[in-house]
Each structure stands twice: as structure tokens, then as C-alpha cells.
Amino acid sequence: MAFIDDVLQTPSYGWKDEKGELIKPTRKQLFSEFLSRSNIFKSKKNWISFIGWFMILCMTPFAYFFLVHYFSWQLLIVFLVYTMIIMGTHGTIWLHRYCTHKSFTFRHKIWRFLTQNLVIKTVPEEMYVVSHHVHHVKSDEPGDPYNARAGFLYCFLAEVNHQSINKNLSQKDYDRATHFMKHTGVQINSYANYKRWGSIATPWYTIALWLGNWAFWYTMFYLIGGHALACTLFTGAMFWITFVRIFNYTGHGKGEHKHVDGLDFDRSNLSINQWRPGYFAGEWHNNHHLYPASARAGFLSWQLDLPWIYIYVLYKLGAVSSFHDSKKDFLQKHKR
């Protein structure tokens, strides 16, 4: 079996049937898998699958206070801006373009750390990065961890059900998997500790970074606008991490061919360019699948790309030392 076929933990219902066709699990199978893989009492190796949804659970008190005690129309606007633009743009910059595709490089690790913690932390890098490499190799095919063809729940529960690394990799394959993560600054387990914890990232680093990030941002928001602002923005982070789980479902046409001529140039998969993720988070998804290593995805003149603006400004300031920009190649090969 090829490394990319084996790097993720296969769900109990499998990726494909004997004929090589995509297995579309039932709702019962999906929820059963979710409960099994997030059960830290069953196995401590489930900690990395458990922690993402546990973060959401920890944010629910902030949502309660925002909605019940502090709600105002002004704070609602702040909530929407933070949820839809700031969190989304940061996710594209950090998790997508840097951690996964290495589309740009930082001159010094302090700039990497600052970018990593630019917003409230909601996603352990490992859960995004490794599975996203598999997604690009197997887009909309069996083995794609968030395959839109398998339905809404398949994508929504994918972080737990499909995105964890295989718990039984050989040392050679584990070392290959760690290469996906080394540039991110995440503290990496030795092979012996990987066999113990079932993850690339150490739990101690992941949890310490999470708690430190939350403590810092709650303090900053409190000093600026009291508990009301802090609860509002933590609620915004909770909504973003909850609903971003359905992005790949909608971003791949809900499993159907929805390409538009003159807009979606990559027809090798179901990815499409959507205006809301594009304008608010720079996620011109079809463009990205066409040039995944590009630090810019807004190739057409009207396609605003906020993450690219951030990366280019840091480049001008000397914080980013290099980047890949595929716009010229896109215009030559596709648009013109």
C-alpha cells in the first residue's frame, strides 16, 4: 500500500468497497465512529481526535453569556467580522497556505509564532495538515477524508472520523509523516511516544499552547472591552470552527459537478470558487486546487485575497523571506 493510502487511520466502515467504489456510511455508522474515536477512556490515543470538539464544548459558556447577558447589535457586528473574516482569513494563512502547502517562508520563527497565535486557537495543526495532503492527492475519490460525494455528515464529522493519522505506522512511514509538520514549529513525538499517544504532536505542547493562547486573548479582549467583548469574540471563534467543518462539502459542490465556465478552471475534481469564502477568507477553492502551493489564490482581477495581502505585507516588512505566486502562470495557461 502506498504511503499516502496508509497515513490516515481507516474508519471502521472503510474507504471503498471490493469494487473500488466509495463507501457511503449510514448516519448510524458515522455517529458510532465519532463516539468511538473521540472516546479518550477507550484509548488515550484518541486524545487528538477528542480535543477539537472539546474546545468547542469549552467555548459554549462564552456563547451563553454573549447571547443571554451581553448581546447587542454592535457586538453582533463585531461577532460577524471576527467569525467570517478574521478567523477565516487566519485559517487560510496559517493552516492552509503555510502549514499544509508551505507556500511562503518566515524569515524568523518569531514571526511564525505570532502568525500561529494571531487569533483564538481552535484547531490542532496536525488534524488539518496531514489529512489535507491526502485530500489533494485523492480529491473526491475514495480515501479523501472529507469527500463531498459521501454527504454532509461525512464532511462535518471528518475531523474525528477520518483525519487522524494511522496509529500503526512503521518507523519509516512515521518519519515521512513528520515531514508534513516539521516546519510548523509543533513539538513532535518520538516514534516511541507516537506509539504511546497515536499522534505526531505531543499532547503537552498542544494543550499548553491552547491554554496559553486562550488566556492571552481573553485578557487582551477583556482589557479592550470587558467580559462582553471577550465572550463575543470567543463565541465567534466557536462558530467558525463549528461551521468550517462543512466548507469542503459546499466547496466541492455538495458532491456534484457545479463548475462554472470562465470561473472554475480545474475540472479534475469537484472544487468550485465561491464568493463568500473567497472575499471573506481568500479561499478561492478551485483556484487553490489548480495551484495548491501558491501563496495567492485570487487570480482574477475581482478576486479579493486577504491572506495574500497579509503575506505580501509581511514580505515587504521583511518578516516573510519568500513565497510562491502562481498568478502569472494561471493567466498564461488558463485565463488567456
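Hey, among Lys45, Lys19, which residue is crowded, with 17+ Cβ neighbours inside 10 Å, out of contact with any Pro (no Cβ under 7 Å at 6 or more places or on another chain), more than 21 Å from Arg245 (Cα to Cα) and among the basic types (Lys, Arg)?
Lys45
Filtering the stretch 139-155 down to residues that are in contact with a Leu (Cβ under 9 Å, 6 or more places away or on another chain) and among the hydrophobic types (A, V, I, L, M, F, W, C), which residue is nearest to Leu270 (Cα to Cα)?
Among those residues, the one meeting the criterion is Ala148.
Look through Tyr218, Tyr191 and report the one residue that is hydroxyl-bearing (Ser, Thr, Tyr), more than 22 Å from Cys99 (Cα to Cα), modelled with pLDDT of 95 or more and surrounded by fewer than 21 Cβ atoms within 10 Å (Cβ to Cβ).
So the residue among Tyr218, Tyr191 that is hydroxyl-bearing (Ser, Thr, Tyr), more than 22 Å from Cys99 (Cα to Cα), modelled with pLDDT of 95 or more and surrounded by fewer than 21 Cβ atoms within 10 Å (Cβ to Cβ) is Tyr218.
Only residues in the stretch 22-43 that are closer than 14 Å to Phe152 by Cα count as the first member; pair them with residues that are surrounded by 14 or more Cβ atoms within 10 Å (Cβ to Cβ) and of a type in the set (Gly, Ala, Ser), Cβ under 6 angstrom, at least 6 apart or cross-chain, and list the lot.
Lys24/Ala150
Rundown of residues vs (1) closer than 27 Å to Tyr194 by Cα; (2) assigned to a helix (DSSP H, G or I); (3) in contact with a helix residue (DSSP H, G or I) (Cβ under 7 Å, 6 or more places away or on another chain), yes/no style:
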{"site": "Lys45", "(1), (2), (3)": "yes, yes, yes"}
{"site": "Ser49", "(1), (2), (3)": "yes, yes, yes"}
{"site": "Phe54", "(1), (2), (3)": "yes, yes, no"}
{"site": "Phe62", "(1), (2), (3)": "no, yes, yes"}
{"site": "Thr83", "(1), (2), (3)": "no, yes, yes"}
{"site": "His96", "(1), (2), (3)": "yes, yes, no"}
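Got at least one residue in the stretch 143-165 being under 20 Å from the mean Cα position of the chain (by Cα), closer than 15 Å to Asp6 by Cβ and assigned to a helix (DSSP H, G or I)?
no
Keeping to the stretch 174-195, report how many residues are outside any helix (DSSP H, G or I), in contact with a helix residue (DSSP H, G or I) (Cβ under 9 Å, 6 or more places away or on another chain) and among the polar types (S, T, N, Q).
Within the stretch 174-195, residues that are outside any helix (DSSP H, G or I), in contact with a helix residue (DSSP H, G or I) (Cβ under 9 Å, 6 or more places away or on another chain) and among the polar types (S, T, N, Q) number 2.
The values are calculated or read from the model by the stated rules, or taken from the named source; none is laboratory data. Because the structure is a prediction, the values reported are computed rather than measured. Methodologically, a virtual Cβ is constructed for each residue, glycine included, from the backbone with ideal geometry; neighbour enumeration extends over all protein chains shown.
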